[in-house]
Amino acid sequence: MSTTQKRIGILTSGGDCPGLNAVIRGAVKSATQLGYDVVGFLRGYEGLVDPVSYVPLNYMNTAGILTQGGTILGSTNKGRFGAKSGVDDKVQISEDLLRAVKVTLNQLNLSGLICIGGDGSLEIAQQFHEYGLPVVGVPKTIDNDLSATAYTFGFDSAVSSATDALDRLHTTAASHERIMVLEVMGRHAGWIALHAGIAGGGDVIIIPEIGWNFDHVCHKILDRESQGKRFTLIVVAEGAELPDGELVVQHQGEENQQVRLGGIGHYISKQIETRLHRETRCVVLGHLQRGGPPTTFDRVLATQFGAHAVRLIVEGKLGQMICFRPPNMENVPISEAVNRLSQVDPQGAAVQAARALGISFGDSSTRQSPFRPLPQNSQDSADTSDIYDTIQDLADSVTALSSAE
Ligand code: F6P
């Protein structure tokens, strides 16, 4: 490989998501037009150090990848470059590792390295920048939880998968008169649950940003029954805390790794069955939200991110991250982009619209049907006999109404 040819490196780090290949393609095509060669490092930051592993990327071997899910370069959220274990944690990358990365970049004569990743991966890019390495960042995550950008690619695709799941759950829930709980990803942000819940006609949306309790969820279910709707769709974000503030986790996570969230959907489902004696089923959508082709929106966003990341390198705007601030593509220092979690605004337009439609967030602001008010001073651990009385009341009011017609 010539040591004088202008060259750009690119890597994909952290959890995969639809649109990574579209960024790679966008970067390769635009870099090639500008006279740069491109190399892609394999398995995220791991490919930068012993054993250094990369592939030359060009028009030929990136053809057709626009629509492919995953990443042709591979990715990992484990290994030697763990820079975070929690929301505010920071793990310093060792000097030895940084020096080894520098040697690789120098040997390949790289003008810049495009690091595509979420919060944790961009934290690593920031440490590279502070060490003097020529990096630019591209924000990626299905969680959409980076505050510097209006959207990350992968989010729209994940919402689309979750919405499709809700569409399917809707018909089976209605046929069997069941309560269906769909647990979606998103870590500590409720964006996926909120958007899919609205798009998929969810009746209850439980997200980390809005405190909730079982009483309100159960009353929403009963309220729907009172209107003759004997099924309910509940969407819950994996990172929503239980009413007592506890986070449901699958695995605490090894050193330098984030906890693996998950399990709240099953917990809610069991509680509903116990409290209401209604058939309830839970579906954990999991990694289906991360696989498959990107949506049109994500293809456009990812392609723009790829081309603009190359532009940043060409313009010498190192240490910057591309961000989408509609209608513009802008850039911010990576340092300003990391550690700033973007969460759903409980007073925001989407939540307001959902509430206006009668969607419950499991909190006291839930709008009830005109049939009956919420019982006063209801406790989270409601006695089920009260609930049966309530059901009877509701049935009575429905009967009274229909005989009045
Ligand atoms: O950050 C993306 C994400 O998919 C989260 O929504 C989820 O909590 C996590 O990654 C799952 O990670 P893993 O692939 O390690 O199970």
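The values are calculated or read from the model by the stated rules, or taken from the named source; none is laboratory data. Predicted, not measured: the structure shown is a model, and the values here were computed from it. Here the Cβ is made from the backbone with ideal geometry for all residues, glycine too, and neighbour counts use every protein chain on show. Heads up: the accessible areas ignore ligands, DNA and RNA and are worked out on the full protein's heavy atoms, side chains in. Shrake-Rupley method; radii C 1.70, N 1.55, O 1.52, S 1.80 Å.
Table for the structure above
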{"read-out": "Karplus (6.51, -1.76, 1.60) ³J(HN,Hα), θ = phi - 60°, over the range 122-137, in Hz, Gly and Pro reported as x", "value": "6, 5, 5, 4, 5, 5, 4, 4, 5, 7, x, 8, x, 10, 10, x"}
{"read-out": "Environment charge of Arg278, counting only residues whose C-beta is closer than 10 Å and scoring Lys/Arg +1, Asp/Glu -1", "value": "-1"}
{"read-out": "Mean accessible surface per residue for the range 99-179, computed with a 1.4 Å probe while every protein chain stays in place, in Å²", "value": "32 Å²"}
{"read-out": "Solvent-accessible surface (1.4 angstrom probe) belonging to Phe361, in square angstrom, nearest 10", "value": "0 Å²"}
{"read-out": "For Ser360, residues with placed amide H under 5 Å, excluding near neighbours", "value": "Val204, Ile205"}
{"read-out": "Packing-based ranking, highest mean first, of 140-151, 339-350, 276-287, 306-317 given that Cβ atoms within 10 Å are counted", "value": "140-151, 306-317, 276-287, 339-350"}
{"read-out": "Dipole of the chain, positive direction: furthest Cα of Ser175, Tyr151, Val136, with charges on the beta-carbon", "value": "Val136"}
{"read-out": "Estimated [θ] at 222 nm from DSSP helical runs (n ≥ 4, -39500 (n - 2.57)) normalised by residues in the chain, nearest 500", "value": "-11500 deg cm²/dmol"}
{"read-out": "Solvent-accessible area, 1.4 Å probe, carbon plus sulfur percent, for the range 25-146", "value": "49 percent"}
{"read-out": "Dipole of the chain, positive end: most advanced residue of Gln227, Leu301, Leu288 [Cβ charges, Cα centre]", "value": "Leu301"}
{"read-out": "Karplus 3J(HN,Hα) series, Hz, for the range 144-157 with 6.51 cos²θ - 1.76 cosθ + 1.60 (x for Gly, Pro)", "value": "6, 9, 9, 6, 6, 10, 5, 9, 9, 6, x, 5, 4, 5"}
{"read-out": "Net lengthening on full extension, Asn328/Lys90 (0.36 nm per residue, minus Cα-Cα)", "value": "82.6 nm"}
{"read-out": "Rel. contact order, % - alpha carbon contacts under 8 angstrom, at least six apart, the range 230-376", "value": "8 percent"}
{"read-out": "Charge dipole (debye, nearest 20) of the chain; +1 at Cβ of Lys and Arg, -1 at Cβ of Asp and Glu", "value": "1660 debye"}
{"read-out": "Cα gyration tensor category, rounded, prolate or oblate, for the range 1-160 with a/c compared to 1.5", "value": "oblate"}
{"read-out": "5 angstrom amide H check on Asp37, placed H, neighbours 5+ away", "value": "Lys6, Arg7, Ile8"}
{"read-out": "Using alpha-carbon coordinates, inclination of helix 296-314 to the longest axis of the chain, degrees", "value": "30 degrees"}
{"read-out": "Mean separation of Cα contacts under 8 Å (6+ apart) over length of the chain, as relative contact order %", "value": "21 percent"}
{"read-out": "Long-range HN-HN contacts of Leu146 with modeled amide H, under 5 Å", "value": "Ser342"}
{"read-out": "For the range 159-309, size of Cβ-based charge dipole, Lys and Arg +1, Asp and Glu -1, in debye", "value": "440 debye"}
{"read-out": "Estimated dipole of the range 284-357 in Debye, rounded to 20 [Cβ of Lys and Arg +1, of Asp and Glu -1, Cα centre]", "value": "100 debye"}
{"read-out": "Paramagnetic reach from Ala353 in the range 295-312 [backbone N under 19 Å; point 7 Å along Cα→Cβ]", "value": "296-298"}
{"read-out": "Normalised contact order of the range 1-123, rounded percent, pairs of Cα under 8 Å and 6 or more residues apart", "value": "39 percent"}
{"read-out": "Derived scalar couplings ³J(HN,Hα) [the range 202-214; Karplus, 6.51 cos²θ - 1.76 cosθ + 1.60; whole Hz; x for Gly, Pro]", "value": "x, 9, 10, 10, 10, 10, x, 7, 10, x, 9, 8, 5"}
{"read-out": "The range 168-209 versus the range 29-99: alpha-carbon centroid distance in Å", "value": "34 Å"}
